[in-house]
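These notes are about the structure you will find just below.
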Amino acid sequence: MAGTRALLMLENFIDGKFLPCDSYLDSYDPSTGEVYCRVPDSGKAEVAAAVAAARAAFPGWSAHSPQERSQVLLRLADLLEQSLEEFAVAESRDQGKTITLARTMDIPRSVQNFRFFASSILHHTSQCTQMDHAGCLHYTVREPVGIAGLISPWNLPLYLLTWKIAPAIAAGNTVIAKPSELTSVTAWMLCQLLQKAGVPPGVVNIVFGTGPRVGEALVSHPEVPVISFTGSQPTAERITQLSAPHCKKLSLELGGKNPAIIFEDANLEECVPTTVRSSFANQGEICLCTSRIFVQKSIYSEFLKKFVEATRMWKVGSPADPSASMGALISKAHLEKVRRYVKIARAEGARILCGEGVDRLSLPPGNRAGYFMLPTVITDIKDESRCMKEEIFGPVTCVVPFDSEEEVVKRANSVQYGLAATVWSSNVGRVHRVAKKLQSGLVWTNCWLIRELNLPFGGMKSSGVGREGAKDSYEFFTESKTITIKH
Ligand SMILES: NC(=O)C1=CN([C@@H]2O[C@H](COP(=O)(O)OP(=O)(O)OC[C@H]3O[C@@H](n4cnc5c(N)ncnc54)[C@H](O)[C@@H]3O)[C@@H](O)[C@H]2O)C=CC1
Ligand SMILES: N/C(=C\C=C\C(=O)O)C(=O)O
């Protein structure tokens, strides 16, 4: 329990006003295991109120010029940047990640999301073709779709929420956002900045609560024609079913089982630390994290030794500790789920080289009830194992050897997911060839998570439907109309 300290009470943000809710959910600080915040447990009534506000705000907001909307987004970015530290501390407490990561990645990227779409909205052009034999000119115009429903997960709370809000409102839509019930605080803090930045009431509405209650009410609402979702594959299936009767536009950004392919000519000085980071950053709770590492046989032992040594240097500690590389996992249930995967691997005869069940986790007394685990490296594991097939979404990675390029491409592609991959080699021809053959929406060669926001982001196969980015998000959040002029 939270002891004598008052709990932080969040409120929904509808039509520019903070509104209390009839019932509330407990929200935990993952680094202590204590309830510290209460989140509205919204449902159909709150969604109906948000839809009414978004509907009323749409004509005015969509009639603004892109330049006017851009100015509002830029003010929002500036205000967020001025409060960066406050947001970083709040994100860390709510999610369990280190303050350092929130300060250097989550909040700066949220600022960048607003700045990026404030700029990119100014540069779209439409198409025009002529048909002289028929005396016709054809051109396209794009219009905002209407009210956008935005559902975001708990791993990168403000980062992914703003990645949806910014392009949606830049294009002239009004929005109803539903952050994860596990991490609602920075979304609520953002509402205070919306007012200051001059976002008109009703343009951005935020309803808090669980997926089955408020999430489904939003997805099922007939006046919300477009849904952008980031989260798990089973939830995406449910959203697809609920939105099917309304033929909604869907963008689904889902999970991954991302391979790292390390050839014998890789530069291990760069590859080892980057692959440790790609496996364990944000406690492994990023859909882009590496969870299957394929290493060419001739360097397998050398890589494994260096990789385990580097993983053991990755300190797990209080999120406020500047020397900690990893904080707490999101929840007790998630921690248990991740640990279960390690147990399954062990029962199948795999070897756990470091981390869970092998090394001792040392934490300050105040964090001992938190949801921490050590970064864990598994080897001697079959490709058919659940740990090599299913998304674990925690600090667990598997390392296995391979012989040939052809073999490793086949094995890398053998899972249901196709989100991100890394390829490590100094042979330029090989990196192009392998990148082309991988079934993956994103391939990073000799690096990881260097993002170019202009270009398409998203996955193949069960990793999702649609792409996000400057042009892709613009196309998703607008409808195209083709006009023919006979002259
Ligand atoms: N981007 C990614 O790849 C992510 C993947 N995951 C995966 O999903 C697993 C489960 O995590 P969850 O938090 O349960 O993910 P989730 O997919 O259930 O939650 C994501 C968002 O969807 C909402 N939601 C849940 N059920 C819904 C429904 N029926 N209708 C509308 N919205 C709904 C949630 O409230 C949250 O805002 C994780 O262990 C991880 O494997 C989780 C978060 C992000
Ligand atoms: N969607 C996720 C990460 C996106 C990162 C980016 O846009 O840079 C995720 O982890 O769910």
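The values are calculated or read from the model by the stated rules, or taken from the named source; none is laboratory data. Predicted, not measured: the structure shown is a model, and the values here were computed from it. For neighbour counting, all protein chains shown are included, and Cβ atoms are generated from backbone atoms with ideal geometry for every residue, glycine included.
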> What do you reckon, is VAL415 closer than 16 Å to ILE261 by Cα and either at pLDDT below 95 or part of a helix (DSSP H, G or I) (or both)?
Replying inline: no
> Would you pick out the residues in the stretch 116-170 that are hydroxyl-bearing (Ser, Thr, Tyr) and farther than 30 Å from PRO30 by Cβ?
Replying inline: SER119, SER120, THR125, SER126, THR129, TYR139, THR140
> Can SER251 be described as crowded, with 16+ Cβ neighbours inside 10 Å, of a type outside the set (Lys, Arg), within 16 Å of ligand 1 (Cβ to nearest atom) and not in a helix (DSSP H, G or I)?
Replying inline: yes
>> Restricting to the stretch 417-460, and then to whatever is of a type in the set (D, E, K, R) and not assigned by the TED database to the domain that holds CYS289, can you tell me which residue is farthest from TYR159 (Cα to Cα)?
In response: GLU452
>> Among (1) in contact with a strand residue (DSSP E or B) (Cβ under 7 Å, 6 or more places away or on another chain); (2) more than 28 Å from THR100 (Cβ to Cβ), there is one condition SER279 misses while meeting the rest; what is its number?
In response: (2)
>> Here is a list: SER480, SER440, SER473. Which entry is at pLDDT 95 or above, closer than 29 Å to LYS410 by Cβ and either hydroxyl-bearing (Ser, Thr, Tyr) or in contact with a Pro (Cβ under 8 Å, 6 or more places away or on another chain) (or both)?
In response: SER440
> Quick check, is ILE299 away from ligand 2 (no atom under 16 Å from the Cβ), at pLDDT 95 or above and within 28 Å of PHE372 (Cα to Cα)?
Replying inline: no
>> Of everything in the stretch 193-219, what is among the polar types (S, T, N, Q), surrounded by fewer than 24 Cβ atoms within 10 Å (Cβ to Cβ) and closer than 22 Å to ASN155 by Cα? Give them in sequence order.
In response: THR210
> In this structure, is SER426 loosely packed, with under 14 Cβ neighbours inside 10 Å and either in contact (Cβ under 8 Å) with a residue 24 or more places away in the chain or not β-branched (Val, Ile, Thr) (or both)?
Replying inline: yes
> So which residues in the stretch 217-248 are within 21 Å of GLU11 (Cβ to Cβ) and within 8 Å of ligand 1 (Cβ to nearest atom)?
Replying inline: LEU218
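For residues that are in a helix (DSSP H, G or I) and either within 16 Å of ligand 2 (Cβ to nearest atom) or not assigned by the TED database to the domain that holds GLY43 (or both), tally how many sit in the stretch 216-245.
Matching residues across the stretch 216-245 total 5.
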> Could you say which residue among PHE402, PHE393 is surrounded by fewer than 22 Cβ atoms within 10 Å (Cβ to Cβ), touching a residue at least 12 places away in the same chain (Cβ under 8 Å) and in contact with a strand residue (DSSP E or B) (Cβ under 9 Å, 6 or more places away or on another chain)?
Replying inline: PHE402
> So, in the stretch 237-296, of the ones that are free of Cβ contacts under 8 Å to residues at least 60 places away in the same chain and of a type in the set (Gly, Ala, Ser), which residue ends up nearest to PRO212 (Cα to Cα)?
Replying inline: SER243
